[in-house]
Amino acid sequence: MLARDWRGGELGILVAALVLAVAVVTGISAFTTRLQSALEQESHRFLAADAVLSSTRQAPGEFVEEAGRRDLRTATTLSFPSMIFAGEEAMILASVKAASDHYPLRGELTYSSEPFGEVKTATRGPQPGTVWLDSRLFALLNVTVGDKVGIGEAEFVVEAATRTEPDQAAGLSSFGPRVLMHYSDIPATGVVQPGSRVEYRQLYAGAPASVEAFTSWLEPQLENGQRLLDVDQGQPGVGRALARAERFLLLAGSLAVVLAGVAIALAARRFSERHTDYVAIMKSLGAQSRVINRLYGSSLIMLGLVATAIGCTAGWALQAVFFGLFADQLPVTPGPAGPRPYAIGFATAFTCLLCFAWPPLRRLGQASPLRVLRRDMPSENRRTLGDYLLGFVAIAGLMWWYSGDIRLTGALLLGLGVTGVLGLGLALTLLRGGRLVGMSAGSIWRLALAGLQRRGTANALQVVIFAMAIMLLLVLVLVRTSLIREWQAQLPADAPNHFMLNIAPDEVQDIEQMLRSSDVPSEAIYPMIRGRVMSVNAEPLPTRDDATGERHQRGANFTWSDTVPAGNELVAGQWWPAGTEEALVSLEEEFALRLNVKVGDRIGLLIGSEPLEATVASIRKLDWQSFRPNFFMVFPPKVLAAFPATFMTSFHLEPEQKPFLNTFIRRFPTVTVIEMDVVVEQVRGIVDQVSAAIELVLGVILAAGALVLVAGVRASVDSRMYESSILRALGARRGLILGGLAIEFAALGLFAGLLATVAAEFSVYLLQAWVLDMRYVPSPWLWPIGIASGTLLIGALGVFSCRGVVSSPPLAVLREL
Amino acid sequence: MIRAENLQKTVPMGGRELEILKGINLEIKSGETVAVVGASGSGKSTLLGLLAGLDEPSTGRVVIGGTDLSALDEDGRAAFRAENVGFVFQSFQLLPALTALENVMLPLELKGQQDALSQAEHFLQRVELAQRLDHYPRQLSGGEQQRVAIARAFAARPEILFADEPTGNLDSRTGEHIIELLFQLNQEHGTTLVLVTHDLKLAERCQRRLQLEAGELVVT
């Protein structure tokens, strides 16, 4: 029977929808899985490993032994500040990093043979007895490659200029210009003593499963001062971007599932409608319901298997094409996809068949044989509420399984629910209203409106399906736009990429002058004082070690200002009037939360050995990833006037301006400059890759959405073709017929666009609030776009799909149907 | 009135051309009633479609009252149909979206007639359906649907009426009633009637019978 149906051409529609669904779901799933693993790999570069144990003392050897047993590779680094000498008088405080043989385990080091020279890559650091120096140190120490420099009691040969390290981003602790040396040379220098300010890092890398097993073994054994770093902690900016990108890809994949389900539902409906006559004939020839059910049941299973096989192959090809097309934009190596995408494809095919295709086909068995005599008899094969519930549950289950995220699933389903309920109600009401108004209108309008109304329920359903497809696409476009916009806002091209700390008060003017005359854009110069929060409302806080919860004594940097610092936003309280002498303070939101204080509370501080009490006047919100000077506490200037302060700022340097640092450091040797430009570039690189991936997935989903729209339009083409051909026989011109069709479809598109916009706005609100951790911004521009695109798209698709009726002889159409 | 010259119609079928009509020549005078008879597959309906301008011949031409149909494009033929031609089909072909009244009004509106509503009401009354103006086709029986179709066909007062097996889907009593109506209205309006039928009784009511055999006219 399958073969016979295939020849009849009707099975083709269902198979095509199934293959499309499986291909899109499998393709996107494989693509995102591979992309995720690639991006994760990429992100591990920022740790120079898969996992890192950071500690102030050397970690016990048993950790390394255990890692070895689990087939993990390991390396060790040790970072500390130290003076570096050259010749008789040159001496600079440098940030030294000693690395063992296999460092870095992930990513690469870059170096050059001369300061600021041509960049080369290396998979390991300097050999014992040699050092790599920051380019700036060559000038400051007046040395060249091959000269000797001293660290502590040992002497080293300068081998190269160090340029970047994969884990350079690891926090702001890396003060001073970098010196790279070999780990085995540490004892000879004698600079690392018990109590020295040092950071040990043990690096681990290996198969993901082994790393995960190892870290879960390690975690319970960690003591005070030992921390396991993951990607997020290594590089918060990248971590957040990746997390969001991952959610977005999952969101996109879930949309593919929904669109696939809708496409199959549409195809199945058309299939069963067309088969009602067929079944009626079989029944009139004596076939029993049972026989018919068995026939269609086994056909469906065969169909599912064939479609899954074709779909999985097509899906595999799809993702291969993606990676092929975008190989340049995605310089990461895609990881393996594993069997999961194909399992998802298989499950999607059979769930959709069972929940969307089977209910109407099962009822085919009950079709009345009387239809043989009267073809226009109302079909009993109407969908029941149960069908829709079943479909909804199936979609929900698939989405949940696919995304593994209940909130993401919930936000989308709520949006879809709104579309469904609002849609059916609105569409039915409006379509009925259209009838009354339309009666007095000209013939073309009445034709169109009568058509709309006569297929009332079917049209309402069609509106809902169009609306759902449009809504999903709008949601995707909106989320993508706001994600990318936020990333760009976070890291504008001129974002500060260097910090300057430890500026003496009498240097402030000279430095401002020098920055200005060298055309270096900088943030304001802020005073910085370090102190400790000792009490809240006169109640002493415990030390960190004695504390049971979050609330304990905390050290913090603070500043003074008469205005709200740039990039900060007041969320509670009020800013003080300029020149106030009152002991007030403004706290950063998170900081206030951890201390559990509100506006009006009093906090006691210790600055050096001086106590200070201040009342919380306001709470501020700020973006820690803005690369601007940010402070936990801000005081009125007069309150801190008596305390000694240093100053800090951040500024932006273009790559070709780098030599400015040489001049600057010679003139202000005590100022600490922290170079963040490499980090900023790395973050931007990741964001660019992720954005490209998002655009790509968006494109695929848009195509899938368009296909659903086409399927939706096609579902009603038969009856419209039939009516149009009668009209033509009666002498209607093509303009009239196409006009009527255009009005009919455009009206459907208008409702769908309106609904889609409402539901999209609602879903985006939920998604941004629940899932993507972003602030909801209404998008008024969405309304005209959503409505116009719905009207034009559906109108054009409808006319295009029915254009055949005016180009073939009416007799042919009448005969065929 | 209607003149067919060397009408040929071939359709591609399984890679080769199938000749349905093999050079038909005929003439039908104004006001004449003609039945086209023949076995299934002899090409009756194809001939009707060509005469009515619903399809284009492969070669040859159809001239109606001086207008050469094959010289017109589809829109031209549509305008010509709206002005001059009415149809009654075997399967009624009413628009399911429209009520009986609206179905009858349709050709009048296509002609741009102002009194479409009253005309349509008049013709529905004429076919004894005055009580069912606002019913949809699915709410009508087969005989009633065909009566609506007849009302629709005559409402526009066409010069020529084409009927394709008008009684084919109806029982014999209903069929007879339909035939009565058809000929009554035909007489009242002096319409030229061309009908395709299997029904010998119906064929006999016509002034002339054209016998088609395997795509060719045979003399009776």
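Let's see how each residue does on (1) at pLDDT below 85; (2) outside the structural domain of residue A:184 (by TED's automatic domain parsing):
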site	(1), (2)
A:53	no, yes
A:65	no, yes
A:111	no, no
A:129	no, no
A:135	yes, no
A:146	no, no
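Checking the stated criteria, residue B:55 turns out not to satisfy the condition of being modelled with pLDDT under 85, closer than 15 Å to residue A:727 by Cα, within 9 Å of another protein chain (Cβ to nearest Cβ) and surrounded by fewer than 18 Cβ atoms within 10 Å (Cβ to Cβ). Would you check if residue A:664 is part of a helix (DSSP H, G or I) and surrounded by 20 or more Cβ atoms within 10 Å (Cβ to Cβ)? Answer is yes for this residue. You will find that of B:132, B:126, the residue that is more than 9 Å from chain A (Cβ to nearest Cβ), touching a residue at least 40 places away in the same chain (Cβ under 8 Å), farther than 23 Å from residue A:809 by Cβ and not β-branched (Val, Ile, Thr) is B:126 and no other.
Could you count how many residues in the stretch A:589-635 are on the phi > 0 side of the Ramachandran plot and either of a type in the set (Phe, Trp, Tyr) or assigned to a strand (DSSP E or B) (or both)? Qualifying residue count, the stretch A:589-635: 1. List the pairs whose first member sits in the stretch A:683-711 and is within 30 Å of residue A:749 (Cβ to Cβ) and not assigned by TED's automatic domain parsing to the domain that holds residue A:270, whose second member is at pLDDT 70 or above and of a type in the set (Ser, Thr, Tyr), and whose Cβ atoms are under 8 Å apart, counting only residues at least 6 apart or on separate chains? Correct list of pairs: A:697/A:32; A:710/A:801. Just checking, does the stretch B:2-23 include any residue being assigned to a loop (DSSP other than H, G, I, E, B), more than 18 Å from residue B:196 (Cα to Cα) and touching a residue at least 12 places away in the same chain (Cβ under 8 Å)? Looking through the stretch B:2-23, none of the residues is assigned to a loop (DSSP other than H, G, I, E, B), more than 18 Å from residue B:196 (Cα to Cα) and touching a residue at least 12 places away in the same chain (Cβ under 8 Å). Scanning the stretch A:759-814 for residues that are at pLDDT 80 or above and either within 14 Å of chain B (Cβ to nearest Cβ) or not in a helix (DSSP H, G or I) (or both) returns A:780, A:781. In the stretch A:101-157, the residue that is surrounded by the fewest Cβ atoms within 10 Å (Cβ to Cβ) out of those that are basic (Lys, Arg) and within 21 Å of residue A:50 (Cβ to Cβ) is A:124.
The set of residues in the stretch B:99-115 that are facing chain A (nearest Cβ under 9 Å) and closer than 21 Å to residue B:181 by Cβ comprises B:99, B:102, B:105, B:106, B:107. Give the stretch B:41-52 a look and list any residue that's assigned to a loop (DSSP other than H, G, I, E, B), more than 9 Å from every other protein chain (Cβ to nearest Cβ) and of a type outside the set (S, T, N, Q), or say none. Those that are assigned to a loop (DSSP other than H, G, I, E, B), more than 9 Å from every other protein chain (Cβ to nearest Cβ) and of a type outside the set (S, T, N, Q): B:41, B:43.
Counting only residues that are over 11 Å from the mean Cα position of the chain (by Cα) and modelled with pLDDT of 70 or more, the stretch A:231-256 holds 4 of them. For the stretch A:715-725, a residue qualifies if it is surrounded by fewer than 22 Cβ atoms within 10 Å (Cβ to Cβ) and either within 7 Å of another protein chain (Cβ to nearest Cβ) or aromatic (Phe, Trp, Tyr) (or both), and exactly one does: A:722.
Looking only at the stretch A:614-650, residues that are surrounded by fewer than 20 Cβ atoms within 10 Å (Cβ to Cβ), touching a strand residue (DSSP E or B) at 6+ places or on another chain (Cβ under 7 Å) and either of a type in the set (D, E, K, R) or not assigned by TED's automatic domain parsing to the domain that holds residue A:571 (or both) come to 1 in all. Select from the stretch B:169-213 the residues that are modelled with pLDDT under 85 and assigned to a loop (DSSP other than H, G, I, E, B) and write down the one among them that is farthest from residue B:41 (Cα to Cα). If we take residues in the stretch B:169-213 being modelled with pLDDT under 85 and assigned to a loop (DSSP other than H, G, I, E, B), then B:171 is farthest from residue B:41 (Cα to Cα).
Does the stretch B:132-151 include one or more residues that are assigned to a helix (DSSP H, G or I), of a type in the set (Gly, Ala, Ser), at pLDDT 85 or above and touching a strand residue (DSSP E or B) at 6+ places or on another chain (Cβ under 9 Å)? Yes, the stretch B:132-151 has at least one match.
A single entry from B:215, B:190 fulfils the requirement of being within 14 Å of residue B:32 (Cβ to Cβ) and touching a residue at least 24 places away in the same chain (Cβ under 8 Å): B:190. Of the residues making up the stretch A:193-226, just one is aromatic (Phe, Trp, Tyr) and exposed (fewer than 14 other Cβ atoms within 10 Å of the Cβ), namely A:217.
Residues considered: A:763, A:801. Of these, the only one that is in contact (Cβ under 8 Å) with a residue 12 or more places away in the chain, touching a Gly at 6+ places or on another chain (Cβ under 6 Å), farther than 23 Å from residue B:111 by Cβ and hydroxyl-bearing (Ser, Thr, Tyr) is A:763. Looking across the stretch B:58-89, the residues that are part of a loop (DSSP other than H, G, I, E, B), more than 8 Å from chain A (Cβ to nearest Cβ) and out of contact with any Ser or Thr (no Cβ under 7 Å at 6 or more places or on another chain) come down to B:65, B:66, B:72, B:73.
The values are calculated or read from the model by the stated rules, or taken from the named source; none is laboratory data. None of the values given here were measured: they were computed from a predicted structure. Note: ideal-geometry Cβ built from the backbone for every residue, glycine included; neighbour counts use all protein chains shown.
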